[in-house]
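Undergrad: Can you keep this structure in mind? I'll have questions shortly.
The values are calculated or read from the model by the stated rules, or taken from the named source; none is laboratory data. Everything quoted here is computed from the prediction, not taken from an experiment. When we count neighbours, we look across all protein chains shown, and the Cβ atoms used for this are built from the backbone with ideal geometry, even at glycine.
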Amino acid sequence: MKGYKGKLFGWLLFTLFGAKLNAQAINKYAVFFNSKEEKSFDPYCYFDTRAIERRVRQQLPLYDWYDLPVNENYIFAVSGTGATIKMQSRWLNAVVVLASEHELAGIKALPFVAEVSNLGYSEAKTALIDLEPLDKGLSENDLYTLQRQTERMGEKVWKEKNINGNGIRVAIFDAGFSGADKHPAFAHLHQKGRVIRTRDFVDKDSLVWHGSTHGTGVWSCIAGMVDSIPSGLAWDAEFLLARTENAATEPFSEEENWVAAAEWADKHGADIINSSLGYTDKRYFTYQMDGKSTFVSRGANLAARKGMLVVNAAGNEGSGSWSIIGAPADADSVLTVGGVEVCCDYHISFSSYGPTWDKRLKPNVTAQGFVTCAQQGGMGTSQGTSFASPLVCGFAACAWQYMRDLKNMELFRAIERSGSLYPYFDYAHGYGIPQAARFTGALNVDTLFVIRPVQGSDSVYVELIQQSLNLLPAGENAPSEELTADDLMYYQIQQSNGLIEKYYVINVSSPQPLSFSRSDFVSGQKLRVYYRGCLQEFSF
């Protein structure tokens, strides 16, 4: 009987406890406050000297309202309702809590609470690509990919000018950097003391050499070195490495970690943040990809406000049902990077499309979406906009070293202007791949071609003409065995408000005139055609 009573008591206890849990379901909420305690704040004690220097260089205040800590009395009052505090954000003047409905009611009744946002408490599988162990050397194709991923962006131009990211501090947010403390691709960085700080926001310690090799591959696309061949452009930059992701699951806490890491990166003097991370359909609706609805996008825009350049992967949803970019790539002040094929700068199938829900241009630029990068045990190939983003991040570090006086958003626009397609853009390629020669002014953009319209009463023909004004005959420029960037013509129909109605990319290695019916256009629309540096617009 004794054993039976014990079992009965245990069953009753479980039943009552379960009923209480059902009655008091726990959810996660962001609680935003309406004010801060105005007290003395010494930026020289709080910030790294590099953070102070960044503010001075960009003519920003040494600190502002966003830098002040969250009011401790507010935090204490929220905690007093019984809610569990998960994190706090100076920038957003908020705390993230776990709370029951009863506790939530108590929070909402507090006079200094301005807004409460339900963050849910669900989990979804991560979209990160973890890299497999490698036990073979690089093939000829792997080496070609390795060289192409930096040369296409102008590695030789930067090398001639002795530009390699020196003096630029880069923060990387990822799921872990497994093996990167001993990987030969990073030996030059460890030997020179280029890893300034590390922080694991998942386990709340400073150990980041575990969790996932995703961050290892990403880091190598910024600064890796393989037998004196760079796998990224900024191989002499400094680094702050943050583990913000749990690679097994993707609970909302990873957005909290992202914002906390951004404040940490700001405090410790980061110039650039690379985030090969994104949050989409398991958490949000497409209409929330407006750059201001999500917790992480709000944090990313505030990071830019602090003078940091935020570089983020567009996402790998291009061939799926979601298809568009995720957060924080949707943020207005984030340089969003899409992916293209190795051979020809053409959109790689998985790369997420723009524009944002509120019709802003995304992605801003592109880079190779298939790369050779560091893996556990060596080097190998992988794919994803996760690796296009750090390639552009490395370019940005070099560009900022070259023009150190630029403000972060001036650099943002300069990188867009350096794109291989600029001033043409579309929602798959942005402005194209950043070019060092365009950034430095070393590239002569004069084209050997002009684009001429021939307008009839019912039709419009667009001809590709050599500067000699002879039509380029098909027989004189037969298609190459492999498509190249020079073989692609881009054209689009643009609405009067600047939004793109339709856009196309075609192979014109054997060009024929493009033919359009006038009925394809309405008054106020433009036809924009781009080929090898030449852009022509035709208004209707």
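Undergrad: Exactly one of (1) within 30 Å of Phe285 (Cα to Cα); (2) modelled with pLDDT of 95 or more is unmet by Ser122. Its number?
TA: Of everything listed in (1) within 30 Å of Phe285 (Cα to Cα); (2) modelled with pLDDT of 95 or more, Ser122 misses just condition (2).
Undergrad: Scanning region 220-247 for residues that are acidic (Asp, Glu) and under 18 Å from Gly193 (Cα atoms), which turns out nearest to the chain's Cα centre (by Cα)?
TA: Glu238
Undergrad: Turning to a different aspect of this structure: Could you list all residues from region 281-317 that are free of Cβ contacts under 8 Å to residues at least 60 places away in the same chain and over 18 Å from Ala30 (Cβ atoms)?
TA: Residues satisfying the conditions are Asp281, Val310, Glu317.
Undergrad: Looking at region 53-75, which of its residues are surrounded by 17 or more Cβ atoms within 10 Å (Cβ to Cβ) and out of contact with any Lys or Arg (no Cβ under 7 Å at 6 or more places or on another chain)?
TA: Arg54, Arg55, Tyr63, Tyr74, Ile75
Undergrad: I'd like to know if region 394-410 contains one or more residues that are closer than 25 Å to His210 by Cα and modelled with pLDDT of 95 or more.
TA: Looking for residues that are closer than 25 Å to His210 by Cα and modelled with pLDDT of 95 or more, one finds at least one in region 394-410, hence yes.
Undergrad: Would you tally the residues in region 490-540 being more than 20 Å from Asp345 (Cβ to Cβ) and of a type in the set (Val, Ile, Thr)?
TA: 2
Undergrad: Has region 373-382 got at least one residue that is of a type in the set (A, V, I, L, M), surrounded by fewer than 20 Cβ atoms within 10 Å (Cβ to Cβ) and in contact (Cβ under 8 Å) with a residue 24 or more places away in the chain? If you could, list the steps in order and put the result at the bottom.
TA: The first filter runs over region 373-382 and keeps only residues of a type in the set (A, V, I, L, M), leaving 374, 379.
Keeping just the survivors that are surrounded by fewer than 20 Cβ atoms within 10 Å (Cβ to Cβ) gives none.
No, every residue in region 373-382 fails to be of a type in the set (A, V, I, L, M), surrounded by fewer than 20 Cβ atoms within 10 Å (Cβ to Cβ) and in contact (Cβ under 8 Å) with a residue 24 or more places away in the chain.
Undergrad: Only one residue in Glu155, Glu151 is modelled with pLDDT of 95 or more, farther than 29 Å from Gly211 by Cβ and crowded, with 21+ Cβ neighbours inside 10 Å. Which one? Step through it out loud before you land on a result.
TA: Working: Glu151 fails: crowded, with 21+ Cβ neighbours inside 10 Å.
From the options Glu155, Glu151, the qualifying one is Glu155.
Undergrad: Suppose the filter is under 28 Å from Cys344 (Cα atoms) and touching a residue at least 40 places away in the same chain (Cβ under 8 Å); does Gly154 pass it?
TA: In short, yes.
Undergrad: Here's another thing I want to ask about it. Do the conditions hold for Met409, that is, is it within 17 Å of the chain's Cα centre (by Cα), assigned by TED's automatic domain parsing to the domain that holds Ala329 and surrounded by fewer than 20 Cβ atoms within 10 Å (Cβ to Cβ)?
TA: Values: within 17 Å of the chain's Cα centre (by Cα): yes; assigned by TED's automatic domain parsing to the domain that holds Ala329: yes; surrounded by fewer than 20 Cβ atoms within 10 Å (Cβ to Cβ): yes.
Yes: the conditions hold for Met409.
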